[in-house]
Amino acid sequence: MNTTVFLVYAIAYLFGSIPFALIIGKIFYNTDIRTQGSGNLGGTNAGRVLGKAAGVSVAALDMLKAFFVILIANQFLPDDPGYVAFAGVFAAIGHCYPIFAQFRGGKAVSTAFGYLLGVSLFLVNPQLVWVLFFLPIAIGLTSLKITKYVSFSAMLSVTMTVILSFFVQPNLTISLALVMIDILLIYRHRSNIERLRNGTERKVKWI
């Protein structure tokens, strides 16, 4: 790994580590959401604790993390789409384990969608944005509307997109990076999976 790749990955992790849920909660609501709800620094907990507007704002900003990382990484590594794809993985790791918030972050849902958007537009083919971004958004929102389970809907939509990626684009490294994002997302939802199995998972009421 050369110096440029190392620096890009370090920047990707640091950018992913920006705790927007913590920042918005403290500045606009005088609340540390790590002490309320699930304690996670993500859009779902922000929505539960602070309200719909905060939840949507946090989700949008977290999505932009990975999107901008892919955009910037592609400028520094224009001939290495595989390396660029893994820069997004480091952004997701930063979101889940942020150095700026004692390594207590979110669960990579919004960041995963931002990653899918960036990969579609800059690494694969802009025409595939309908398959790799808008389709999973539609799947996730439909599932969420029906089940009210953010965790299940997120895992379903991202996993289906990862499977699709192996068929709609030829770069195996990009698909493997997507697999890593999916594994991270599922791992971060392990407690949710247990609650889903037990029938005790909380449903969202603000969507």
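Among the listed pairs 52/148; 26/107; 65/205; 107/203, which are separated by more than 22 Å between their Cα atoms?
Numbers: 52/148 14 Å; 26/107 20 Å; 65/205 26 Å; 107/203 16 Å.
Among 52/148; 26/107; 65/205; 107/203, the Cα-Cα distance tops 22 Å for 65/205.
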**Message:** Cut-off is 10 Å between beta-carbons; in what order do 63, 180 appear when sorted fewest neighbours first?
**Reply:** 180, 63
**Request:** Please give the contour-minus-distance gain from residue 71 to residue 52: 0.36 nm per residue of separation, less the Cα-Cα distance, rounded to one decimal in nm.
**Result:** 4.0 nm
**Complete:** Over all Cα pairs of the stretch 128-207, the Kirkwood radius sets Rh, and Rg/Rh then becomes 1.02
**Request:** Enter the angle in degrees (range 0 to 90, nearest 10) between the Cα long axis of helix 135-147 and the first principal axis of the Cα atoms of the chain, meaning the one along which they spread out most.
**Result:** 20 degrees
**Message:** Explain nothing, just compute: Karplus ³J(HN,Hα) = 6.51 cos²θ - 1.76 cosθ + 1.60, θ = phi - 60°, for every residue of the stretch 188-201 in order, whole Hz, x for Gly and Pro.
**Reply:** 5, 9, 4, 6, 5, 4, 5, 5, 4, 5, 8, x, 10, 5
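Rounded to two decimals, what is the ratio between the C-alpha radius of gyration of the stretch 1-56 and 2.2 N^0.38 Å? Please list the in-between numbers first.
Working: Rg = 14.6 Å, N = 56, 2.2 N^0.38 = 10.2 Å.
Normalised Rg, Cα atoms only: 1.44.
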**Asked** Alpha carbon centre of the stretch 141-194 versus the stretch 27-99: separation in Å?
**Response** 16 Å
**Prompt:** According to a simple spin-label model (label point 7 Å from Cα along Cα-to-Cβ), what is the distance in nm between residue 160 and residue 172?
**Reply:** 2.8 nm
**Low-density loop positions, chymotrypsin sites (Phe, Trp or Tyr not before Pro), the stretch 35-119 - DSSP coil, at most 11 other Cβ in 10 Å** = 103
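Could you give the length gained by full extension between residue 60 and residue 30, i.e. 0.36 nm per residue of separation minus their alpha carbon distance, to one decimal place? Spell out each step's value before the answer.
On the way: separation 30, 0.36 × 30 = 10.80 nm, distance 2.05 nm.
Answer, rounded to one decimal: 8.8 nm.
Could I get the Rg over Rh figure for the chain? Both from C-alpha atoms, Rh via Kirkwood, rounded to two places.
On the way: Rg = 16.3 Å, Rh = 16.9 Å.
That ratio equals 0.96.
Here, each number is a calculation from the coordinates, and none is a lab measurement. Model, not experiment: these values are computed from the prediction. Quick reminder, even Gly has a Cβ in these numbers, built from the backbone with ideal geometry, and neighbours come from all protein chains shown.
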